[in-house]
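Working notes, beginning with the structure itself.
The values are calculated or read from the model by the stated rules, or taken from the named source; none is laboratory data. Every value quoted in this text rests on a predicted model; they were computed, and no experiment measured them. For neighbour counting, all protein chains shown are included, and Cβ atoms are generated from backbone atoms with ideal geometry for every residue, glycine included. Please note that ligands, DNA and RNA were not included when accessible areas were found on the heavy atoms of the full protein model with its side chains. Shrake-Rupley method; radii C 1.70, N 1.55, O 1.52, S 1.80 Å.
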Amino acid sequence: MVPLWKDLETIIENSDIVNFIKNIKRPSQVLITSRKGLGEIEERYPLNDFSDKDAINLFRTFSFEKHRKDLVEFSNEEIKIIVNKVKNYPLLIKWGLGKVMLWKTIENAFTEINTGDSEIAKFSFNDIFNLFNENNKIILYTMIIYEENSIPIFEIKHITNLKKNIFEDCIKDLTLCSFISQVFP
C-alpha cells in the first residue's frame with residue numbers, strides 16, 4: 001500500500017480538508033491535530049493540562065529520549081516548579097524542552113514561553129489569530145480591558161453588542177482554539 005500524503009498546512013479552506021479526508025480509502029485512518037474544527041467529520045479529543053505527576057513524567061520521558069541525563073536527574077519538586085511555569089501543558093513542556101535541547105538554559109526556555117515575543121506566542125497569534133473573524137477579535141479586544149481579571153460573560157456580550165447566536169459561536173471558536181477558557185461558578 002502506498003502512503004497517501006497531503007500537506008494540510010497549505011490548505012486554507014476546511015472544505016478542501018474535509019474532501020481530502022472523505023476520499024481516503026478504508027480501512028485507513030487519519031489523525032489531524034488542529035486548533036480549528038472540521039465540522040461534520042471531526043471527533044474531538046480535548047487535550048487538557050496534565051496533572052503534576054503526568055507533567056513530571058512527560059518531562060522525564062522526553063529528557064530521557066533525548067539522552068539528557070542531567071534533566072532526568074532533577075528531583076520531582078524541581079521538575080514540578082518548571083512544568084508549573086507552563087501550566088502543565090504538554091505542548092509547552094515539549095516546546096520548552098526542545099529549547100533546552102538547543103542549549104537554552106532551563107530557566108530561559110520555560111520563562112520565555114510566557115512572553116509575547118516567544119516563538120509559540122508568535123505561532124499562536126500569527127497563525128491562529130489571523131484565522132479569526134472580526135467578531136472573534138472584537139471579543140478578544142474587549143477582554144483586554146480587563147487585563148488579567150476574569151470578566152463575566154454577560155459583560156462581554158453587553159460591551160460587544162453582538163447578536164446572541166453570533167456571540168455564542170465566537171465564544172465557542174475562541175474556547176476551542178484555547179484563546180479563552182470559561183470558568184463556571
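May I ask you to say which residue of Lys172, Lys94, Lys80 is in contact with an Asp or Glu (Cβ under 8 Å, 6 or more places away or on another chain) and either in a helix (DSSP H, G or I) or modelled with pLDDT under 90 (or both)? Reasoning before the result, please.
On the way: Lys172 fails: in contact with an Asp or Glu (Cβ under 8 Å, 6 or more places away or on another chain); Lys94 fails: in contact with an Asp or Glu (Cβ under 8 Å, 6 or more places away or on another chain).
One residue alone meets the criteria, Lys80.
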- Item | Checklist (1) within 21 Å of the chain's Cα centre (by Cα); (2) open to solvent by 50 Å² or more (accessible area, probe 1.4 Å); (3) β-branched (Val, Ile, Thr); (4) modelled with pLDDT of 85 or more applied to Ile159, failing item | (1)
- Among (1) of a type outside the set (D, E, K, R); (2) modelled with pLDDT of 85 or more; (3) over 30 Å from Phe74 (Cα atoms); (4) in a loop (DSSP other than H, G, I, E, B), the one test that Leu140 misses: (4)
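Say whether the condition of being closer than 25 Å to Asp52 by Cα and touching a Leu at 6+ places or on another chain (Cβ under 9 Å) is met by at least one residue in segment 130-144.
Of the residues in segment 130-144, the ones closer than 25 Å to Asp52 by Cα are none.
No, segment 130-144 contains no residue that is closer than 25 Å to Asp52 by Cα and touching a Leu at 6+ places or on another chain (Cβ under 9 Å).
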- Query: Do you know which of the residues in segment 130-151 that are surrounded by 10 or more Cβ atoms within 10 Å (Cβ to Cβ) and free of Cβ contacts under 8 Å to residues at least 24 places away in the same chain is nearest to Thr175 (Cα to Cα)?
  - Reply: Lys137
